[in-house]
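Some notes on the structure that comes next.
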Amino acid sequence: SALKSLGPCEIWGRDQLGISEDDPWGWDLSTLRRLNTHSIPKLTHFYAGTFSRTIEHLKQRGSKVVYTAAAHNIEASRKAHTDLGLLFDYPHLTDPELWKRYVGGYLAADVIICPSRHSESCMRSYGCKNIVVIPHGCDLPEKTTSLPSRFIVGNLGAIGPDKGLIYLLQAWKKLNYKDATLVFAGRDSTSSFMQSLVAQYGGGSIELRGWVENVSDFYNSISLYVQSSVSEGFGIEVLEALSYGRPVVCSTGAVAADIVDGGGLLFNPCDVGHLANQIDFFKTSPVT
């Protein structure tokens, strides 16, 4: 919408570029090929991804480039993988030459937009200078309901090593509530990986809900939302939960922690005891 307000605008996504594989370099090469048959735009905006060669091509031809980057702590993410015995298999983040190519697009951009101060700090550590912080927004709900009579803690989104789910599971086991349920929802929440995490680290009442067609149903069904990420580019679910009037407990590793303010409590990443205490606060002092 912002770009369209400035004049004629084209939007290129996976379908327009013919991307079929999640290749960090495929987007760059496909965009570059498509540009070879188009006139060079005066202004180009990229959302994340790897576009270093495309941006070099555009800059050489006079285009202004804006790049949105929800950067997070790479080392924290690496440690989260290691703690689970998983390979941190992201060559563009681990190989020095590929890293140089990866970060080159950000360094060449005229302006970097970050959703938080944490992301801004990460991008400055890479050498980026002209950075503007604009927090993400979300659609406001059409309908909200009162909190359920049973204490239900929810987590929605991708299931990955740096989401800190083992710490949430350990905290839940430590709390050992008899009258509460922890709900995981999202595409991979019923995956074999998630089931193995629950079997190894979980305890108490836990529900793996799977894909939800309407997020409104999910947020209206919970008492508290927890974002347990070790490292997270933003965590839009935190903002969505707040929009439904749900309190949140958010790791400071998730850059959405910037916008929690009086709507919830923060905790230190990977700190099971701290997380358990923050959850218990809302169990024993329910929001009305």
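All of the numbers you see were taken from the coordinates with simple rules; none came from a lab. Model, not experiment: these values are computed from the prediction. Note: ideal-geometry Cβ built from the backbone for every residue, glycine included; neighbour counts use all protein chains shown.
A few comments on the model shown:
- Its DSSP H runs of at least 4 residues, each contributing -39,500 (n - 2.57), put the calculated 222 nm mean residue ellipticity of the chain at -10500 deg cm²/dmol, to the nearest 500.
- In order along region 83-92, phi translates into HN-Hα couplings of 4, 9, x, 9, 6, 7, 8, 10, x, 5 Hz, rounded to whole numbers, per the Karplus curve 6.51 cos²θ - 1.76 cosθ + 1.60 with θ = phi - 60° and x for Gly and Pro.
- Extension gain for S196 to A48 (0.36 nm times residue separation, less C-alpha to C-alpha distance): 50.2 nm.
- Region 201-288: GluC sites (Glu not before Pro) in DSSP coil with no more than 16 other Cβ atoms inside 10 Å: E213
- Cα gyration tensor category, rounded, prolate or oblate, for region 1-74 with a/c compared to 1.5: rounded
- For region 93-182, applying the loop criterion from DSSP together with a ceiling of 10 other beta carbons within 10 Å to the GluC sites (Glu not before Pro) yields E142.
- Build a GNM of the chain with springs between Cα atoms under 10 Å apart, and of N220, N36, N73 the one that fluctuates most is N36.
- For the chain: relative contact order, % (alpha-carbon pairs under 8 angstrom, 6 or more apart): 15 percent
- Debye intensity ratio I(q)/I(0), log10, region 135-288, q values 0.09, 0.10, 0.14 Å⁻¹ (C-alpha model): -0.23, -0.29, -0.60
- Stokes-Einstein diffusion coefficient of region 190-255, Kirkwood radius over Cα pairs, 25 °C, 0.890 mPa s, in µm²/s: 185 µm²/s
- Region 228-267 and region 58-76 have Cα centres lying 25 Å from one another.
- Principal axis box of region 120-170, alpha-carbon based, largest edge first, Å: 50, 33, 15
- Highest-MSF residue in the chain out of K64, K100, K42 [GNM, Cα springs under 10 Å]: K42
- Were the residues from L266 through K129 laid out at 0.36 nm apart, the gain over their Cα-Cα distance would be 46.4 nm.
- In nm, spacing of pseudo-spin labels at R14 and S243 (7 Å Cα→C-beta vector): 2.2 nm
- Cα gyration tensor shape of region 1-135, rounded if a/c is under 1.5, else prolate or oblate by comparing a/b with b/c: prolate
- Simple spin-label estimate for D280 and S39 in nanometres, 7 Å along Cα-Cβ: 6.6 nm
- Full extension of the chain between W99 and L29 gives 23.5 nm of extra length, using 0.36 nm per residue less the Cα-Cα distance.
- Part-to-part distance (alpha-carbon centres) for region 171-211 and region 87-136, which is given in Å: 33 Å
- Summed residue charge, Cβ within 9 Å of V65's Cβ, Lys/Arg positive, Asp/Glu negative: +1
- Interatomic Cα distance distribution for the chain, bins of 5 angstrom, percent: 1, 5, 11, 14, 16, 15, 13, 10, 7, 4, 2, 1, 0
- S146 paired with I206, simple spin-label distance in nm, labels 7 Å along Cα-to-beta-carbon: 3.2 nm
- Count, lysine Cα pairs under 26 Å in the chain, 8 or more residues apart or across chains: 23
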